[in-house]
């Protein structure tokens, strides 16, 4: 498995508030995928997506990204076909809000990861909304591990094809995480829930720092998460991670 990272330079066609950045980048990415029939089917399928992205930078101090200025955002994926599609199309794509300009790519080198930390907030959906309203920390930790393990099993047991594989997702089962030593410490960076705008609704998430266990499976999963994102809505701008390697 390799994590491909693309750094896309874009020009904005309108002012965009910080709180709306993920909405506009999501629309840009979705429209790009929808331009190709195969990619459209992948985009609309209800399976784990093998890509994630962060927000615009450099950060604007007044929290307004300016029309006609250029910015960057990063896209990562563990799927070579997705990477090749983005390489072929993103820098040439534009919609009414954002215009692609240039794109640089690299493979993220796999080293021994000490910590993962969120650049964009993570989202854990529950029927009651924010997870803290109905779950204990132990419940949160268990569901986090289950999500990470199911993603890992899904992406390592399927081929590099991007076609729908919902049957594989069903076969993975609900919980094989009890014996997995994945994170030795979970630290919440935010003091208050972090707002997330999704389909016009305001959801809330968290910023976290994760100490990664020093074993082969934990390290493989941590590396994968750099390309898939952590927890849910990663193809909508949530759960993008950076990392610190052991020195």
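Listed values, structure above:
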item: Test for residue 134: is it surrounded by fewer than 14 Cβ atoms within 10 Å (Cβ to Cβ), modelled with pLDDT under 95, within 22 Å of residue 5 (Cα to Cα) and not assigned by TED's automatic domain parsing to the domain that holds residue 14; result: no
item: Wholly enclosed helices (runs of 4 or more DSSP H) of segment 1-111 bearing at least 3 residues crowded, with 18+ Cβ neighbours inside 10 Å; result: 21-34, 80-89
item: Flag if residue 37 is under 27 Å from residue 223 (Cα atoms) and free of Cβ contacts under 8 Å to residues at least 60 places away in the same chain; result: no
item: Selection from segment 209-223 of residues that are part of a loop (DSSP other than H, G, I, E, B) and surrounded by fewer than 17 Cβ atoms within 10 Å (Cβ to Cβ); result: 214, 215
item: Unique match (being modelled with pLDDT under 95 and within 24 Å of residue 32 (Cα to Cα)) among 176, 199, 142; result: 199
item: Some residue of segment 118-125 being over 29 Å from residue 16 (Cβ atoms), assigned by TED's automatic domain parsing to the domain that holds residue 181 and surrounded by fewer than 16 Cβ atoms within 10 Å (Cβ to Cβ); result: no
item: Flag if residue 203 is crowded, with 18+ Cβ neighbours inside 10 Å, under 14 Å from the mean Cα position of the chain (by Cα) and outside any helix (DSSP H, G or I); result: no
item: Residues of segment 224-237 that turn out to be out of contact with any helix residue (DSSP H, G or I) (no Cβ under 7 Å at 6 or more places or on another chain), buried (at least 24 other Cβ atoms within 10 Å of the Cβ) and part of a loop (DSSP other than H, G, I, E, B), as a count; result: 2
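Each row is one residue, and each column tells you yes or no for (1) in contact with a helix residue (DSSP H, G or I) (Cβ under 6 Å, 6 or more places away or on another chain); (2) within 15 Å of residue 208 (Cα to Cα).
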{"position": "97", "(1), (2)": "yes, no"}
{"position": "103", "(1), (2)": "yes, no"}
{"position": "112", "(1), (2)": "no, no"}
{"position": "131", "(1), (2)": "yes, yes"}
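The values are calculated or read from the model by the stated rules, or taken from the named source; none is laboratory data. The structure displayed is predicted, hence computed values, not measured ones. All Cβ positions, glycine included, derive from the backbone under ideal geometry; neighbour counts span all protein chains shown.
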